[in-house]
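J.: Got a structure for you, questions after.
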Amino acid sequence: MAQISRMKKAKLRLQHIWLLTVLLILVLFFMFHSFLANNFKSFQQNLSPTVTIDNTFMVRAEDALDYPEYVYTRQCQKSGVTIAAIQNCYPGAPLQKPWIESSKENIVKFCDREFHHLMDHQLSINWNALQTCWSGRRNLHKSIATNQFQIHVIGERNSGTKWLQQEIAKCFPKDTVGVRCHRDFLRSKHFFQPPVRGNYETNIVIAIVRDPLEWLSAMHDKPYHMPYHMVGFDTSNKKMPAIPLDWNTFLSRAAPWSIPGNSPHDRAVMRYHASPSEVHCVQGFAFDEVTPCIFDNSTIPKSKWRGHMPIYELQRDHSGNPFADLMKLRADKIHNFFLEIPLLMQLGGYAAVRYEDLLRNGTQLFLQDLANMMGLEQLPRACRPQPPNLERIGHRRRVPAEVKQWLEEHLVLETEQLLGYR
């Protein structure tokens, strides 16, 4: 009996120990869960602030569109090239006045006078004002190490973006200078870059453009991201270059600027999704900003997707309508790259360049200006600027007279005047 009693007592002690252990584990679990919940909530608030819009908010440029509350909402159907027109499209967005930090008193006076003159008389911004007042280094009072800067080259297809990026990268190598030159900014370099609020003082944006006739001719010959405007690929050639359409067919398909039909993905969205505008598409576009939204129904070889995946951008009024023609798309890209980005974003530096100027004058002056933006007094010793190359200037391609006539009938005069092309 005594032995049985001792066994019962031992069994009870084991049960008590087991219960205490379980209780201790539960207490520790709830304490740990509470700790994680509080810290995760704090982490979320720090990662994606939604209560207060902070103009000093800093995030990598390529991640900026993940924070829609920081994207300026465009509230106009059509924009002009006046300061008032930009303010009308983005009410409440502060205009950038980088010249006020210039150490050159004559630049400050000129730009102040020019700014008020353009505002008071609602005059179009011109190339000289854009170059003098909105281009160059910003935040001159702030010391930023050269290797903190990042350079972004943006521009429409066939405008010289790849060549310019390569020249910059060769002059300022990442392994020695510490500067990285990107082929994108908020999106891939060729597509609309919605201006965002926040601090981008280490980002330098270079926007490049090309003469309209040369550009139209190049778009015909090298139809990147527009498979409806080409015949197909030359499979007899190892590189499989695109085969261009004849000019008549190309121009007939250039107005409106779109691709017919919808991909299976897009048809499913329109059929089953209650709010298509909430669907995320290629390059971070909304459903009513691009067609197709997701590319999944083409005979384009996968090896050619990077350069020829169909991406037809739609009008930026969220109507879902295509641009009336290719030149209207060009005009809106000019507004975006050459007005909205420099006038609305807090950048570390900005430069607007014309492809023909770099060929006519060489790249020495441009690269020196870029070096100055990054706080370098002179170019790196290994930098080899390109000399003038006059042979590449002009309309080397044979362009029929009817194409030139079509261009003059469809280009947007005020945007071409902004760039000094008309």
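Just so it is clear, none of the values below were taken in a lab; they were calculated from the coordinates. Remember, predicted model here, so these are calculated numbers, not experimental data. Note: ideal-geometry Cβ built from the backbone for every residue, glycine included; neighbour counts use all protein chains shown.
J.: Once you treat every alpha carbon in the range 51-143 as an equal point and sum by Debye, what is log10 I(q)/I(0) at q = 0.18, 0.21 Å⁻¹?
T.: The Debye formula, applied to the Cα set alone, gives -1.03, -1.18.
J.: Can you tell me the order of 216-225, 278-287 when each peptide is scored by its average per-residue count of other Cβ atoms within 10 angstrom, highest first?
T.: Ranked from most to least packed, the peptides come out as 216-225, 278-287.
J.: Along the Cα→Cβ direction, 7 angstrom out, place labels at GLU101 and ASP234. What is the inter-label distance in nm?
T.: Each label point lies 7 Å from its Cα, and together they span 4.9 nm.
J.: Could you work out the local net charge near SER319, counting Lys and Arg as +1, Asp and Glu as -1, over the other residues with Cβ closer than 11 Å to its Cβ?
T.: Local charge sum for SER319: -2.
J.: Any of LYS189/LYS333; LYS238/LYS302; LYS189/LYS222; LYS104/LYS142; LYS162/LYS238; LYS238/LYS304 with alpha carbons more than 19 Å apart? Name them for me.
T.: In this structure, LYS162/LYS238 exceed 19 Å between Cα atoms.
J.: Would you mind giving the average projected area, over all directions, of the Cα convex hull of the chain in nm² with one decimal? Could the numbers behind the result be given before it?
T.: On the way: hull surface 130.4 nm².
Convex hull of Cα atoms, orientation-averaged projection: 32.6 nm².
J.: Right, next: For the range 68-422, what is the charge dipole size about the Cα centre, in debye to the nearest 20, if Lys and Arg each add +1 at the Cβ and Asp and Glu each add -1 at the Cβ?
T.: Dipole of the range 68-422, to the nearest 20 debye: 1040 debye.
J.: I've got another one for you. Tally Lys/Arg at +1 and Asp/Glu at -1 over every other residue whose Cβ is under 15 Å from the Cβ of LEU140; what's the total?
T.: Here the count lands on 0.
J.: Along the Cα→Cβ direction, 7 angstrom out, place labels at ILE144 and ASP246. What is the inter-label distance in nm?
T.: Each label point lies 7 Å from its Cα, and together they span 5.3 nm.
J.: Please work out the ratio of the alpha-carbon Rg of the range 186-266 to 2.2 N^0.38 Å and round it to two decimals.
T.: Rounded to two decimals, the normalised Rg is 1.44.
J.: In percent, how large is the relative contact order of the range 68-422, given Cα pairs closer than 8 Å and 6 or more residues apart? Don't jump to the answer; show the numbers that get you there.
T.: Values: 584 pairs, mean separation 83.8, N = 355.
Relative contact order here is 24 percent.
J.: Follow-up question, since we're still on this one. Would you tally the net charge around PRO173, using a Cβ to Cβ cut-off of less than 14 Å, leaving PRO173 out, and scoring K and R as +1, D and E as -1? Before the final figure, lay out each step's value.
T.: On the way: positive: LYS170, LYS174, ARG180, ARG381, ARG384; negative: GLU167, ASP175.
Once all neighbours under 14 Å are counted, the net charge is +3.
J.: To continue, here is another question. Test of understanding: ordering LYS328, LYS109 by Cβ neighbours within 10 Å, fewest first, what list do you get?
T.: Going from sparsest to densest Cβ surroundings: LYS109, LYS328.
J.: As a footprinting exposure proxy, order CYS133, CYS76 by other Cβ within 10 Å, with the fewest listed first.
T.: CYS76, CYS133
J.: Ranked highest first by the average count of other Cβ atoms within 10 Å around their residues, in what order do 298-309, 183-194, 410-421, 340-351 fall?
T.: Highest mean packing first, the order is 340-351, 183-194, 410-421, 298-309.
J.: Most mobile of LEU24, LEU370, LEU359 per a Gaussian network model of the chain (Cα springs, under 10 Å)?
T.: Result for the chain, Cα springs under 10 Å: LEU24 fluctuates most.
J.: Output needed: percent of Cα pairs per 5 Å distance bin for the range 120-181, bins running from 0 to the one holding the longest distance.
T.: The calculated distribution, bin by bin, is 3, 13, 16, 18, 21, 14, 8, 4, 2, 0.
J.: State the antiparallel share, in %, of DSSP beta bridges confined to the range 68-422, rounding to the nearest 5. Walk me through the numbers before you get to the answer.
T.: Details: 12 of 28 bridges.
DSSP beta bridges in the range 68-422 are roughly 45 percent antiparallel.
J.: Which percent of the Cα-Cα distances in the range 268-410 go past 17 Å?
T.: In whole percent, the share of Cα-Cα pairs in the range 268-410 beyond 17 Å is 77.
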